[in-house]
1. Looking only at segment 25-46, how many residues end up being in contact with a Cys (Cβ under 8 Å, 6 or more places away or on another chain) and in a strand (DSSP E or B)?
2. Any idea which residue in segment 57-106 is nearest to Pro144 (Cα to Cα), counting only those that are surrounded by fewer than 15 Cβ atoms within 10 Å (Cβ to Cβ) and of a type in the set (S, T, N, Q)?
3. Restricting attention to segment 158-173, and to residues there that are in contact (Cβ under 8 Å) with a residue 60 or more places away in the chain and surrounded by fewer than 16 Cβ atoms within 10 Å (Cβ to Cβ), which single residue is farthest from Ser135 (Cα to Cα)?
4. Can you confirm whether Asn4 is farther than 25 Å from Thr185 by Cβ, among the polar types (S, T, N, Q), touching a residue at least 24 places away in the same chain (Cβ under 8 Å) and out of contact with any helix residue (DSSP H, G or I) (no Cβ under 9 Å at 6 or more places or on another chain)?
5. List the number of the failed condition for Ser110; all other conditions in (1) farther than 26 Å from Asn57 by Cβ; (2) of a type in the set (Gly, Ala, Ser); (3) surrounded by fewer than 18 Cβ atoms within 10 Å (Cβ to Cβ); (4) in contact (Cβ under 8 Å) with a residue 12 or more places away in the chain hold.
6. Working carefully through the options Leu186, Leu137, Leu118, Leu131, find the one that is over 16 Å from the mean Cα position of the chain (by Cα), buried (at least 16 other Cβ atoms within 10 Å of the Cβ) and in a helix (DSSP H, G or I).
7. Among residues belonging to segment 116-152 that are modelled with pLDDT under 90 and either β-branched (Val, Ile, Thr) or touching a His at 6+ places or on another chain (Cβ under 8 Å) (or both), point out the one that is nearest to Cys190 (Cα to Cα).
8. Which of the residues spanning segment 13-24 are touching a residue at least 12 places away in the same chain (Cβ under 8 Å) and assigned to a strand (DSSP E or B)?
Amino acid sequence: MSLNETILKIDNLNFGYEKNKLIYKDFNLELNKGELISIVGKSGSGKSTLFELICGNLKPLKGSIKAKKISSIYQDPYSSFHPSFSIINQIKDIVKIQKDFNEEIKHFCSEISLDYNLLEKKPHELSGGQLQRCSILRALLMKPDLLLVDEPTSALDNIIAVDVMKLLIKYLSNCGIVLITHDMTLARWCSDKIIRLG
């Protein structure tokens, strides 16, 4: 896939939980590989609804959404992992295992300041920040064309949050990113385009 290839295209999207009260009306969005678009808005403005629509968990009332291979990073990492299994086993369940898999994991762990040995633990044995970094690790190892990212740094301290965002931006050579954030400073720093909702 080359740069400038479209990986997400939303045409004339209409959606609302009630037909006479639309959250989105004739909404359009196009994202190419190598681009990061931030969706900014207050709570209840429809940011997370947009992700559910892109993932296909909700159906538009009108319009179309076309997306290439998707991976997601959600704000609450505890809801992203099964409580009974180790992190590494849950990663292996959904990631295509390559010959250099262990080296790749160790490389990403180093990039996001995550102790490789924590991957042997179960989710409840990790802090929120550690588990969020595991969620980011898993999403990147899936090698998506489109990365949907919902408040990825909310559970992280400022220094690690900067490292995580730098890693995501570095990964833009492989994909496009749609970022949900309430942090306008962050959006201005990392985005090619900002869409304000509400």
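The values are calculated or read from the model by the stated rules, or taken from the named source; none is laboratory data. Just so it is clear, the structure is predicted and the values come from calculations on it, not from any experiment. Glycine gets a Cβ as well: all are built from the backbone with ideal geometry, and neighbour counts include every protein chain shown.
1. Of the residues in segment 25-46, 2 are in contact with a Cys (Cβ under 8 Å, 6 or more places away or on another chain) and in a strand (DSSP E or B).
2. The qualifying residue nearest to Pro144 (Cα to Cα) is Gln98.
3. Ser173
4. Considered against the rule, which asks whether it is farther than 25 Å from Thr185 by Cβ, among the polar types (S, T, N, Q), touching a residue at least 24 places away in the same chain (Cβ under 8 Å) and out of contact with any helix residue (DSSP H, G or I) (no Cβ under 9 Å at 6 or more places or on another chain), Asn4 comes out as yes.
5. Failed condition: (4).
6. Checking each option against the conditions leaves just Leu118.
7. Only one residue fits best here, namely Glu151.
8. Within segment 13-24, Leu13, Asn14, Phe15, Tyr24 meet the criteria.
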